[in-house]
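J.: Got a structure for you, questions after.
The values are calculated or read from the model by the stated rules, or taken from the named source; none is laboratory data. It should be emphasised that the depicted structure is a prediction, and the values quoted were computed from it without experimental measurement. Methodologically, a virtual Cβ is constructed for each residue, glycine included, from the backbone with ideal geometry; neighbour enumeration extends over all protein chains shown.
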Amino acid sequence: MIDLKKKINVCEPLITKNAKKYINDCIDTEWISSAGKYLEDFEKKWAKYCGADEGIAVTNGTSALQVAFKSLNLQPGDEVIMPSFTIISCATAIIEAGGKPVLVDCYPDTWCLNIEQMKEKINNKTKAILVVHMFGHPAEMDPIIKVVKRHKLYLIEDAAEAHGATYNNKRVGSFGDLACFSFYANKLITTGEGGMVLSNNKKLTKKIRSLRNLSFRSDRRFYHTEIGYNYRLTNMQAAIGISQIENLKNHINIKRKNTFLYNKIIKKMDLPLRLPSENENSKSVFWMYGVVLKNKKLNAKILAQKLANRGIETRPLFLGMHQQPVLKKMKLFNNEKFPVTEELSRFGLYLPSGLKLNKKKIDFICNALKDIFHESRK
């Protein structure tokens, strides 16, 4: 029987005293809903930090993607190129906005979308490229931006996993026409649940502000000329977000330090794992410590169970969009294959990566891995 008190969780947030202070202020002043000084401040501070003009806070990362794509006014047959290796929210947001997702594979090192395949998929129906900065590592933005400008496409960033990551010293969230963030509990900045869209495009930000608020008109209340959503973030959630921005530098330092420590120990033990890496022109925030099995005698599911038996929680990597049963039922991506995505899905997982992780726990996890691999050789 596993002692739950000794269980190593896959992720824990780090909440500061200021979070409680700011939330109590919301309660004391009774600004607890979807307006207030913390909400406005959170939008402005996060936009400024990332290098964007404006931020629109929403209920979560999925709703950020939904209003972002809805604002583009996609027409039937319009295509959006995106990686297969990502969360399903990316594909469903495109579909719900009236577009068609077109998939490419990812690179085996950064797990970001394959740029050469992206170029090959562009045609006269292509309207946008969705770039996902995977597991804290930025995509190679320069060649992507060149392609986007040449073909006059929209560029959307999903930066949900990459708060504070940089490419050529420029923060993610500042490259695209729109950039979407999640502030779920396992992200580098959390508001419990929450998200934001960043943009420098005033026309798109005006549309997104309307969409997140049921498309209310400013000239006549309860009179609606298009479909909108109730995707408003609360002032209390934003208050937590402010406290998280204040501590983000520390969060990034913890993630990077723990990743390099994991790498050092695993390399020293010579364990059969492919480890996180970092391109020379990028600074990853290593959102989660993802590894891929080299020894194909085990798969990720078996390894996860063996680690769970030792009180170590893990998570699988994403199942590719082309393998998702619900999308197959919709007759999407028939007979498409993406070998890197499929390998990551079958042989990849991420180890405990929370902001409260320490050397003692990392040593314990790595020794457990060593024992498991030793047993598998017998």
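J.: Among what's in segment 171-186 and is in contact with a helix residue (DSSP H, G or I) (Cβ under 8 Å, 6 or more places away or on another chain) and not hydrophobic (A, V, I, L, M, F, W, C), pick the residue that is nearest to Asn253 (Cα to Cα).
T.: In this case the residue turns out to be Arg171.
Matching residues to (1) in contact with a Leu (Cβ under 8 Å, 6 or more places away or on another chain); (2) surrounded by fewer than 17 Cβ atoms within 10 Å (Cβ to Cβ); (3) of a type in the set (Asp, Glu); (4) not assigned by TED's automatic domain parsing to the domain that holds Val132:
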residue	(1), (2), (3), (4)
Gln305	no, yes, no, yes
Ile312	yes, no, no, yes
Pro325	no, yes, no, yes
Val340	no, no, no, yes
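J.: Tell me, yes or no, whether segment 37-56 has at least one residue that is hydrophobic (A, V, I, L, M, F, W, C) and surrounded by fewer than 20 Cβ atoms within 10 Å (Cβ to Cβ).
T.: Checked segment 37-56: no residue is hydrophobic (A, V, I, L, M, F, W, C) and surrounded by fewer than 20 Cβ atoms within 10 Å (Cβ to Cβ).
J.: May I ask you to verify whether Lys268 is surrounded by 16 or more Cβ atoms within 10 Å (Cβ to Cβ), of a type in the set (Lys, Arg) and part of a helix (DSSP H, G or I)?
T.: no
J.: Looking at Glu342, is it at pLDDT 95 or above, more than 26 Å from Thr92 (Cβ to Cβ) and not polar (S, T, N, Q)?
T.: It is false that Glu342 is at pLDDT 95 or above, more than 26 Å from Thr92 (Cβ to Cβ) and not polar (S, T, N, Q).
This table checks each residue for (1) surrounded by fewer than 21 Cβ atoms within 10 Å (Cβ to Cβ); (2) on the phi > 0 side of the Ramachandran plot.
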| site | (1), (2) |
| --- | --- |
| Val104 | no, no |
| Trp111 | no, yes |
| Glu116 | yes, no |
| Asn123 | yes, no |
| Val147 | yes, no |
| Leu153 | yes, no |
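J.: Moving on. Among (1) without any contact (Cβ under 8 Å) to a residue 60 or more places away in the chain; (2) more than 29 Å from Ala57 (Cα to Cα), which single condition is Val104 missing?
T.: (1)
J.: Please name all residue pairs, on different chains or six or more residues apart, with Cβ atoms under 9 Å, provided the first residue is in segment 357-376 and is under 16 Å from Arg256 (Cα atoms) and of a type in the set (S, T, N, Q) and the second residue is modelled with pLDDT under 95 and part of a helix (DSSP H, G or I).
T.: none
J.: Specify the residue that is modelled with the lowest pLDDT; the eligible residues are those in segment 212-236 that are β-branched (Val, Ile, Thr) and loosely packed, with under 14 Cβ neighbours inside 10 Å.
T.: Across segment 212-236, the extreme among qualifying residues is Thr225.
J.: Among the residues of segment 199-215, write down those that are within 14 Å of Leu233 (Cβ to Cβ) and not in a helix (DSSP H, G or I).
T.: Arg212, Asn213
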